[in-house]
Amino acid sequence: MAIRRGRGVAAVNYPTGMNLGGDPSQALVHSTPTGNFMVTLSSVDLGQGLKQVMAQICAETIGVPTERVIIDTADTDTGPHCMGTFASRGTHRIGNAIIQAAREARHVMLEVAAEALEVNATDLDTDGEGNIHVKGAPQRSISIFDTALTAHFKLGLSISGRGMFLVPRSYPETETGAMKPSTCYAHACTVADVEVDDETGEVTVTSVKNVFEIGRALNPRMVEQQLVGGSWMGISHALYETTEPYYPSREHGGTDFNEYLTPGPGDLAETETIVLERPATDGPYGAKGPGEMAANPQIPAIANAIFDAVGVRVDTLPITPERILRALKQQRAAH
Amino acid sequence: MGLVLRSFATVNEAGAALSEPGARYLGGGTLAVRAVNEGDVSVHSLVRITDPQLSRIELSEGRARIGASVTMARVAANPGIAFLAPAAMAVGGPAVRNMATVGGNLFAPAPYGDFAVALLALDAKVDARKDMPMERFLETRGALAKGSIVTAVSFALPSEGGFRFRKVSRVKPKGTSVLSIAAVIEEDPDGTIRSARIALGCMADRPIRAHAAERALVGSRRTEQGIAAALAVAGEGTHPVTDPVASAWYRAEVLPVHLRRLLLY
Amino acid sequence: MKLAKDYFADERADGLHEIGRGLPRADLPGHVTGKTKYFADRSIPGMLHLKMVRSPHHHARIRGIDTSEAEKHPGVVKILTARDVPHNVYTILILIQIGPEDEQVLAEDKVRWKGEAVVAVVADSERAANEAAAKVKVDYEVLPAVFDMDEALKPGAPVVNEYHGQNYYLYDSGECRKVRFGDVEAGFAEADFILEETYRSSPIEHAPAETTGCVVVPEGNDRFTCYTNTQAMFFTLDNTSIILQMPGHQLHLVGGTVGGGFGGKVDVIVEPIAILAAKLTGRPVSFVYSRYEEMQISSPRAAEKIVIKDGVTKDGRLVARKVTGYTDAGAYSRHSPYGAQKGAAHYPGPYTVPNVWIDTYCVYTNRTPSSAMRGFGVTIADFALEVQMDKLARLIAMDPLEFRFINAYRDGDMKAHRQVTEGAALIECMQEASRAASWPVAKRFYDMSSRGEG
Amino acid sequence: MPKVPVQFALNGEEKAEFVESGTSLLTLLRDKIGDTSPKGGCHQGTCGACSVIIDGELKLSCLVLAETCGNASVQTTGGLAADGVLHPLQRAFLDHFAAQCGFCTPGMIMAAKALLDRNPDPTREDVVEAISGNICRCTGYEPIIQAVMAAAQGNSQRVA
């Protein structure tokens, strides 16, 4: 038996949002009487943490701590339109809609505080901890709690805002293909190390070093979640997954988690994650959508590493032990 | 029509219930309840036996007798049959092992039934209405007499280090078999192989013996040279399955590789 | 995880209050205590269960459907066929004017893939629904099927989907989406080496932990509340409104907390038929995919075939790239015409190539319709492109990473689809990967910048 | 069809219910008792989302018939937090961001608890084995392994 080692690299980019645009999302923001903020959406959290990151975006924009923002989603009776959670669009599209809504609400909030403090609203700022103060004079302040009470009970004002984000739809030119698929792109580069058993074709991915450029890590712990989980799925796509193992034959499709293969907890590659941030000019606080891209660069990096290890190319996914073994036998027969 | 569970204290009472149309034996539930959950409406009643005798492991005079209701987890935890732990641990994850029974594994179609592969290598005896050697049982398991119930398996304990087991799967640590191999190799003090029984999983629709390889091993030693003839005939008589995990071609290709590793390492 | 803050620091305002902080996720306490409510975590009295009778054939004409025995089965409340569906022929993207409508909610005259929905059985228990489903008799005339994209595109192949009339999607640009940039043949003439390779993939399932499903409750006021795990609430609502010819105000969807999607829950499959069943029975209805259905019936990521022909110079410049991409849509469009054309803009990869020719086809075969999945249109393309890049580098005996630096796109570069590059960061990702992996490259590559400097 | 009585303890609380014969424990817990912490991810025994602990042993509640649970002690993640205080495993899953969609989490925590109950000082390999019957599609498993290790060490703070 020979275990042979190899290393491969791949570099990719990924368009943020629905291809060719035309995918709107809307948000409504309003304050409660005690200065908490409701964000009403019809957007779906698939588990990636949309609700948490939207709360942080709203909190940053209004100038309150995140725990004072409540995300109410998804109910079509109350939530304004969102095209959906797909195409790495959630953070970018919905985040932008929330920023617009939150800015409008913040504007009203500062107007109310200005009236209470008897200053101009343009002279006011938030401290991020729940207070509004006169710029340069932090002792002249009012809490957002009191500001909301004032708006509700004295001034009869609604501290609220409406937000909408739409990248206009692009229609490809039929002959040249001139088009605008996206407004911003995330980037990634992966170096994968593998071991290949040249008698069985079995591959062990020993390590992946993933570098992602994602615009802005709005919540780094959640970014890490998605990039680490995505990397696992990339490895899975490279080596394991298909519903039709003998495609284009329709026979022998897996029907459960024993037959549909994904790497188990004993198959994990040592995973290093590095994040770069080049803010997107139209991203919410610069953020792009890395959710889908997270699973892409590992696939070719592993394919290239396998070639580096044993000198055969498998150009069909998934790169199963069987496909590697067949290629190795051909290689031996040719020599 | 619906579904009913019928519990019986003894094998005899259950036997009659199992003879009825639409009746299916309930062991650990990993096969029977799954079938019901997946919409198998041909099952009208599940029949189980609560007799504690079926959950016993007995060791005496160099033999082990394992009741049909003993779970994989209980097998793996029993120090008297510690050599079997790797085979029991090869079945499912922890929850499945707490449910799946020895009796059930005897009926599991490929690619399942790794424990039955071990029992086949041990040349176990299957206690049903009448006793049957494993190999014969496996050949006829689909056509057991209606109401016939497996109550236990028994086998002679192999000598220290004489039992070897290897399961190959794509997913670790728990995965469905590409193949599994169990072997009981008895060697003379000088290393000459006195007897060999090799059982293969996924190399047919049921566990099968590699008789040609067994014959080739007797009289030689567990060295590269000594096992070469056995490896060359390892695939004789096999009809590997093709399934989502691996093709028959792949299974046939890697059988000698894994048999070599089983025998030498 | 390491945040490499040195890159692009001048383009970023760090030090914000809430942005950039790894705050705890507000939803995790619910997850770890089992209190998070998914669509199925509701106990609704009197609920009916919907099970689907599916085609056992890859391609067949339906000569007749006999539900009389099934209707008499104890526990059965309603049996639905195509006749019960007000607007039975639909396509999801009709909402953004991508037609034609090409798929039947319940098969009427033909089935085009093994597993296609034919009859919906609604009963007061899952068991009764399954038993009755077994009694539904469908008379099929089996037709020749085609599974291979190359075969499907040949003249004389069985026509999979009559709503298209041929086995490919017809774009406004013709049989494929096209990108033409520069002069690809002149580029090949200029190249020192030409490499043409073919890459393939097979379908991939999202396999979310939670299967696709919904629970519908009639509110008694002609409105229907549908608890769903769709990834797109209004996509589902609006398509349901079309299929059921039901004003949108009668529909109320509640969701937003989903046990994994990965693109698998963007199709509109379970909700219209479950809402119809609730409307016709006046009772709550549950339609939840079994794991088998999730694995083999729900849309997978499409299989693809990608042919790449590249021209490269000895000094490592990619001077021409011609790509033909084929997306196996299966029997119906769903999101595949969209996914297939997403590749058209993507195929040059993150590189600047002066001469580009791209054709992308969306092909119909007799298999489970494919649809959206994490990165579709790009994921398999990236596999093909980046293996191709590795081969090209080895062809000209150049370090694969250095070869990518030479061709990496930078701000200001014109892309083949005629957008000027901005916000590029590929070079910096590769620089950081080079350091992290101890994969050294020549100094000039560390001095490069996506902003065009160096 | 007559219903069958079943009496058992759920998270220490006595329950007495009538079920239809053939009902799974998962269905009883979710639809009749209202403990929806075990999830129905496959009903095949291949995903682990429905994992519960019955008389100290990890089992798949989708494959256990309710009427076989008479006098049993059943534990679920829904009953793990005592008096509103999270169990160390729950705390560790939070601290390690060891859940995304959360659908596998209750089953995963049961699998981890079954391990720690009998092996308070597990190796990484022990943890990997313990969760090997539970499918997670989001996290890539590593954060879950880290969380279980940390809970075992009584140190649910993130390992730097």
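Quick note: the coordinates plus some simple rules give every number you see, no bench work behind them. Just so we're clear, the structure is a prediction, and the values are computed from it rather than from any experiment. Cβ sites come from the backbone with ideal geometry, for glycine too, and all protein chains shown count toward neighbours.
Over the Cα atoms of chain B, compute the convex hull volume and normalise it per residue, giving Å³.
Numbers: hull volume 33.2 nm³, N = 265.
Convex hull of Cα atoms, per residue: 125 Å³.
What share of Cα pairs, in percent, lie more than 30 angstrom apart in chain C? When all Cα pairs of chain C are counted, 54 percent exceed 30 Å. Would you please classify the overall shape of region D:1-90 from the alpha carbon gyration tensor, given that a ≥ b ≥ c denote the square roots of the eigenvalues, rounded means a/c under 1.5, and beyond that prolate means a/b larger than b/c while oblate covers the rest? In terms of gyration-tensor shape, oblate.
Most exposed first by the Cβ proxy, i.e. fewest other Cβ within 10 Å, how do A:I159, A:I299, C:I94 rank? Present the calculation step by step, with values, prior to reporting the outcome.
On the way: A:I159 28, A:I299 31, C:I94 16.
So the residues, fewest neighbours to most, are C:I94, A:I159, A:I299.
Divide, for region B:4-49, the radius of gyration over alpha carbons by 2.2 N^0.38 Å, where N is the residue count. Each step should come with its number before you reach the end.
On the way: Rg = 10.1 Å, N = 46, 2.2 N^0.38 = 9.4 Å.
The reported ratio for this selection is 1.07.
Once Rh is set to the Kirkwood radius over Cα pairs, what Stokes-Einstein translational diffusion coefficient, in µm²/s, holds for region A:23-167 at a temperature of 37 °C and a viscosity of 0.692 mPa s?
Values: Rh = 15.2 Å.
Result for D is 216 µm²/s.
For the pair C:E422 and C:A442, label points projected 7 Å from Cα toward Cβ lie 3.2 nm apart.
Note on region D:73-150: Kirkwood radius taken over Cα pairs, Stokes-Einstein applied at 4 °C and 1.567 mPa s, translational D equal to 104 µm² s⁻¹.
Here the Gaussian network model covers chain B, with springs between Cα atoms less than 10 Å apart; of B:G201, B:G113, B:G142, B:G142 fluctuates the most. Of all the options D:D83, D:D35, D:D95, the one that moves most in a Gaussian network model of chain D with Cα springs shorter than 10 angstrom is D:D83.
Direction-averaged projected area, Cα convex hull, region C:307-346: 3.2 nm², rounded to one decimal. Shown for chain C: cysteine residues without a partner Cβ closer than 4.7 Å, namely C:C176, C:C214, C:C226, C:C362.
What is the Å³ per residue value for the convex hull set by the Cα atoms of region A:136-193? Could the numbers behind the result be given before it?
Values: hull volume 17.6 nm³, N = 58.
Dividing the Cα hull volume of region A:136-193 by its residues yields 304 Å³.
Looking at the protein assembly as shown, the pairs of alpha carbons with a distance over 62 Å make up 10% of the total. Ranking C:G264, C:H164, C:A152 by Cα position along the charge dipole of chain C, where only Lys, Arg, Asp and Glu carry charges on their C-beta atoms, puts C:G264 farthest toward the positive end. Averaging the Cα positions of each part gives two centres, and for region A:183-245 and region B:82-139 these lie 38 Å apart. Assuming charge only on the beta carbon of Lys and Arg (+1) and of Asp and Glu (-1), the dipole of chain B about its Cα centre is about 400 debye to the nearest 20.
Measuring max minus min along each principal axis, the C-alpha atoms of region C:333-454 give extents of 53, 28, 25 Å (largest first). Whole angstrom only: what separates the Cα centroid of region D:32-72 from the Cα centroid of region C:395-454? With region D:32-72 and region C:395-454 each reduced to a Cα centre, they are spaced 53 Å.
Each of A:S143, A:S42 has some number of other Cβ atoms within 10 Å of its Cβ, and from fewest to most they run A:S143, A:S42.
Here the simple spin-label model places points 7 Å from the Cα toward Cβ, and for B:L144 and D:D126 these points are separated by 3.7 nm. Of all lysines in the structure, those lying under 20 Å Cα to Cα from B:K130, and not within fewer than 8 positions of it along the same chain, are B:K146.
Which residue, A:T255, A:T61, A:T281, has the most motion in a Gaussian network model of chain A that connects Cα atoms within less than 10 Å? Of the options given, A:T255 has the highest mean-square fluctuation. In terms of its alpha-carbon gyration tensor, chain A comes out prolate; a/c meets the 1.5 threshold, and the first ratio a/b outweighs b/c. For region C:212-341, taking the reciprocal of the average inverse distance between every pair of different Cα atoms yields a Kirkwood hydrodynamic radius of 17.1 Å. Annotation for region C:362-454: trypsin sites (Lys or Arg not before Pro) lying in DSSP loop with at most 15 further Cβ atoms inside 10 Å of their Cβ are C:R418.
Go ahead and run the numbers for FRET between B:R136 and B:T223, Cβ-Cβ distance against an R0 of 41 Å, rounding to 0.05. Mind showing how you got there, number by number?
Numbers: r = 34 Å, r/R0 = 0.82.
The value I calculate is 0.75.
What are the DSSP H helices in chain A that stretch 20 Å or more along their long axis, judged by alpha-carbon atoms, and whose average Kyte-Doolittle hydropathy comes to at least -1.0? Provide the component values of the computation, followed by the final result.
Numbers: long enough: A:95-117 (31 Å, 0.41); A:220-239 (28 Å, 0.13).
What comes out of the filter, once short or polar helices are dropped, is A:95-117, A:220-239.
Over the protein assembly as shown, DSSP H runs of length four or greater, each weighted -39,500 (n - 2.57), average out per residue to a 222 nm ellipticity of -7500 deg cm²/dmol. Shape class for region C:27-125, computed from the alpha carbon gyration tensor (a ≥ b ≥ c): oblate, with a/c not under 1.5 and a/b at or below b/c.
Which of the cysteines found in chain A have nothing to pair with, since no other Cys Cβ lies under 4.7 Å from theirs? When partners are defined as cysteine Cβ atoms under 4.7 Å apart, chain A leaves A:C58, A:C82, A:C184 without one. With both labels modelled 7 Å from their Cα along Cα-to-Cβ, the A:T32 to C:A186 distance reads 6.7 nm. Here is the size of region A:34-108 from its Cα atoms: Rg then Dmax, 11.6, 37 Å. Both the radius of gyration and Dmax for region B:164-264 are 13.3, 44 Å, in that order, over alpha-carbon atoms. Rounded to the nearest 10 degrees, the angle from helix C:336-346 to the longest Cα principal axis of chain C is 10 degrees. Helix D:105-118 and the long axis of chain D differ in direction by around 80°, with both axes built from C-alpha atoms.
Here's the picture: a label point sits 7 Å out from the Cα of C:A397 along the beta-carbon direction, and within region C:162-198 the residues with their amide nitrogen under 16 Å of it are C:192-193. Here the residues C:R25, B:R129, ranked from fewest to most Cβ neighbours within 10 Å of their Cβ, fall in the order B:R129, C:R25. Averaging 1/r over each pair of different alpha-carbon atoms in region B:52-156 and inverting the result gives 13.5 Å, the Kirkwood hydrodynamic radius. Mean separation of Cα pairs under 8 Å and 6 or more residues apart, divided by the residue count, gives chain A a relative contact order of 26 percent.
In a DSSP loop and with at most 13 other Cβ atoms within 10 Å, the GluC sites (Glu not before Pro) in region C:362-454 are C:E453. Relative to the longest principal axis of chain B, what angle (0 to 90°, nearest 10) does the C-alpha long axis of helix B:248-264 take? The helix B:248-264 is inclined about 60 degrees to chain B.
For the pairs C:K37/D:K3; C:K51/C:K265; C:K114/C:K135, flag any whose C-alpha to C-alpha distance is greater than 21 Å. In this structure, C:K37/D:K3 lie more than 21 Å apart at Cα. Only one residue of A:T66, A:P24, A:N96 has its Cα farthest out toward the positive end of the dipole of region A:23-167, where Lys and Arg carry +1 and Asp and Glu -1 on Cβ, and that residue is A:P24. Per residue, the convex hull around the alpha carbon atoms of region D:26-160 comes to 107 Å³.
Per the Cauchy relation, a quarter of the hull surface: what is the mean projected area of the convex hull of the alpha carbons in region A:184-328, in nm²? All intermediate terms of the calculation are to be shown ahead of the outcome.
Values: hull surface 38.7 nm².
Quarter of the Cα hull surface area: 9.7 nm².
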